[in-house]
Every structure is written in C-alpha cells, then in structure tokens.
Amino acid sequence: MNHPLEQLRDDALREIEAASDEQALEATRIKYLGKSGSISAWGEQMKTLGKEERPVVGRLLNETRNAVTVAIEKRAEILRSQKESVALAGIDISLPGVTVPSAYSGYCSIALTGYSGYLPLERGSRHPLTQMLQRSIQIFHRMGFSLADGPDIEDEWHCFDALNTPADHPARNEQDTFYLPDGRLLRTHTSTVQIRTMESAPPPIRVIAPGAAYRRDEIDATHSAQFHQIEGLYVDENVSVADLKGALEFFLRELFGSETEIQFRPHYFPFTEPSLEVYVRSKALKGGERWIELAGCGMVHPAVFEAVNTARGDKAYDPEKWSGYAFGLGMDRLAMILFDIPDIRLFAQNDLRFLKQFA
Ligand code: FA5
C-alpha cells in the first residue's frame, strides 16, 4: 500500500500538470505548499510520530516537497513561454523597428507594433568605403574642391566620344563595358562627370565626383566588376602639371601620412595629354613596401574642351585660354591600403565579422 504522502504527491503532480494558467498554478501551490497546505501540515504531524517512524516519514516528506516544488517551477516556465508566444502572435519581429528617443543613453530603441516596450537596437557603423570617402571629401574640400555628380547609366558620347576615345578603342568593346539593350551603358569610369560638369557650367571649375564604375573585368583580389572612383577636374587659366602633382601629393600625404612616397609614371589616356599613372608606397602602412597603382591622371586634352564646346554651342572652354588637369582615383584601392584589407571582394560581402572591425 502507498504511504499517504505518496498519494498526496501524486495528486499534487496531477493538479500541477492540469493547471492551465498562472492563477490556477498558484492556487495549487498554496493548497499543497502554503502555510496551511497539506504537505506543510505533515511537517506538524511529524512531532507526533514515534522514534523509528520519524526518519522514514521525514525522508518521504522531503522528497514529496522537492518533487512538488520542481514540478511547479517547470509548469510556471511552460505557462510563461506560452503567454509570450500568444502576445507575439501576428507580429513580424523581422520588420525594422521604429526608432524612438530612449531613456537609456547609448541605446536607440525600437517600438514593435502591438508591443508596449522598447527593445535596444544595436548601433550600426559606416562601411569602410564610406569612411574612406568621407575622409577624402574632407581633404578635397580644404583644397577648394566642391562635389559634382552624374548618372551611373550613361550614353556612349559622355563615356567615350566626348572623352576623345576612338571608335575602335578596346574599352568600348562589349567585353569591357556593360551595354544595355537600348545602347546605353554602365559608365566604365567617373570621367563622364568631367563632361557633364563642363556642359553645365563655364570655367573656372574645381570639382571632385565620387561614384561607382562598372567593367567586365576578371574578378580577383584587386579587381571588381563594380568599383568606385573619385574623379577630379580643375580648369582655370595657366594650370600646369606641377599643380596636378602638387594636388595629388597633398591629398595622398594627408590620407596616408607625410612619409608616403608618390611616383608618377608616363601612361596613355585618350582624354589627357600628357597622361600619368600614380603609384604610392609607405613604410608606415602594412604591406607598404611595394608600389601600388592608385590612379590615372593628366592634363585635359584640347579635344575634350572642343567636344564640350560643341555640346554647349559656345566657345566657353577655349583651349587657347583655359587649361586643366583631371584625375581618377580608385577608391576601393585607397581603402584597401588605408585599412589593410587584403581582398576587394570583402567590401560587398556584407559579412558582419568584417564590417564590425571598422566600427
Ligand atoms: C581611368 O578609369 C581613368 N578614367 C582615370 C583618369 C581620370 C585618367 C582622369 C586621367 C584623367 P584606370 O582605368 O586606370 O583609369 O582606373 C583608375 C583607377 O581605378 C585605377 O588606378 C584603379 O585604382 C581603379 N580601378 C580600375 N579598374 C578597377 C577594378 N576593376 N576594380 C577596382 N578598381 C579599379
């Protein structure tokens, strides 16, 4: 035969299991474990028991009390999580929250629809390319450059013809350029903004135009099909190669440090004459012992001024009066050097483990 305490334990466990809400569970707890509950009453009864019986019943009483206490805790946990799922039912917690002013400094908060509290929202940080761009814009602003812009989807005239690029130039080839079915294209460089800026305003001009460029290049650690450039254009009277070199040297030393070595090597671009490529090297930067190609630049070709004049229908950019320099810096490469990033593909992979290193 079962001891009455065992019977009591079984009854209590059955009632606990059947408790459908927190109130019912609390009532069960009071009934068995409360001050005048049936299990507590056995504690009083112990005093009346004989010497031999007392340790046996005492052990049984402890086991009963423990079993009932544990069962109540488990049931309470189940009821709590059921209540939470009911409260959140119908709410899409993947939706972006509404940012509201928070009482907790250092946190933003989100208010979920139908949810009365605020949840802390992790603070994001700027992408390394954006950080790079902001630093560059600050330096160029100090040098008197303002911002210019142009479309990513361009026509052949702005991307090639106006830039004195011959019809058979390999860059026009479908293998290098993404063409749209209607004949337009994704700009292969930001030099298109040189033309758009001169079309819309007479000289003097001093602008930078940061933005994306697209090429059907073989993708590897330093080449991407979509990358970023900072175009620069300065047109005034008596602008010389010395001005161009001085401007780029100043910019690169502000960015990478005063010990940065800079080399200009002869090159060919159809839209500049002379044309140069810019290489940097700095012992202060990781892996900075080797020369890295960063930009193309040169003096604006007179044929570019003439193309702009034709489009404008005036002689505003008279090559006899005005001269200018232009450059195109590879922004991804600048960021890779500055932040010691080994592979250009990391910029577009959206991997938080990578991005958080620049927070
Ligand atoms: C040009 O794009 C010229 N428009 C630059 C220019 C502007 C010359 C004004 C003269 C006057 P280039 O193809 O070399 O030049 O590209 C310039 C820079 O863009 C390169 O030095 C490199 O840093 C970057 N770049 C070019 N292709 C890629 C690519 N596929 N992925 C990443 N960066 C690239």
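The values are calculated or read from the model by the stated rules, or taken from the named source; none is laboratory data. The structure displayed is predicted, hence computed values, not measured ones. Side chains are part of the model used for accessible areas, which takes the heavy atoms of the whole protein and leaves out ligands, DNA and RNA. Shrake-Rupley method; radii C 1.70, N 1.55, O 1.52, S 1.80 Å.
General remarks:
- Alpha-carbon centroid distance for the pair the stretch 146-198 / the stretch 1-35, whole angstrom: 81
- With DNA, RNA and ligands ignored, accessible area of Arg142 (1.4 Å probe; Å², nearest 10): 150
- Helices in the chain, meaning DSSP H runs of at least 4 residues, each add -39500 (n - 2.57). Divided by all residues, the mean residue ellipticity at 222 nm is -12000 deg cm²/dmol.
- Cross-link reach is defined here as a Cα-Cα straight distance under 20 Å, omitting same-chain residues fewer than 8 places apart; for Lys31 the lysines meeting it are Lys74.
- The phi torsions of the stretch 6-22, fed into the Karplus equation with coefficients 6.51, -1.76 and 1.60 and a -60° offset, translate into couplings of 5, 4, 4, 4, 4, 4, 4, 5, 5, 5, 5, 4, 7, 4, 9, 8, 5 Hz, rounded to whole numbers, with Gly and Pro shown as x.
- Taking all protein chains together and rolling a 1.4 Å probe, His267 ends up with roughly 80 Å² accessible.
- Most mobile listed residue (Met143, Met46, Met132) in the chain, GNM with C-alpha springs under 10 Å: Met46
- Within the accessible area of the chain (1.4 Å probe), percent carbon and sulfur: 52
- Relative contact order of the chain, defined on C-alpha pairs under 8 angstrom at six or more residues apart (%): 13
- When the Cα atoms of the chain are aligned to their principal axes, the ranges along those axes come out at 121, 47, 41 Å in descending order.
- Average accessible area per residue (Å²) across the chain - probe 1.4 Å, nucleic acids and ligands excluded: 57
- Evaluated at q = 0.13, 0.15 Å⁻¹, a Debye calculation over the C-alpha positions of the stretch 121-264 (equal weights, vacuum) places log10 I(q)/I(0) at -0.71, -0.92.
- The smallest convex shape that holds all Cα atoms of the stretch 4-86, its convex hull, gives 68 Å³ per residue.
- Within a Gaussian network of the chain (alpha carbon springs, distance under 10 Å), most fluctuating of Asp343, Asp182, Asp243: Asp182
- Accessible-area value, Asp318, 1.4 Å probe, nucleic acids and ligands omitted, Å²: 50
- Taking a straight line from the alpha carbon of Lys315, these lysines sit under 29 Å away, with near neighbours fewer than eight places off in the same chain left out: Lys245.
- Contact order relative to length of the stretch 4-86, as percent, for alpha carbon pairs under 8 angstrom and 6 or more apart: 40
- Net length gained if the chain between Ala171 and Gln7 were fully extended (0.36 nm per residue, minus Cα distance): 50.0 nm
- Convex hull volume per residue, computed on the Cα atoms of the stretch 245-359, equals 147 Å³.
- Between the amide H of Thr177 and those of Arg216, distances stay under 5 Å, these residues lying 5 or more places away or on another chain, with hydrogens modeled in the peptide plane.
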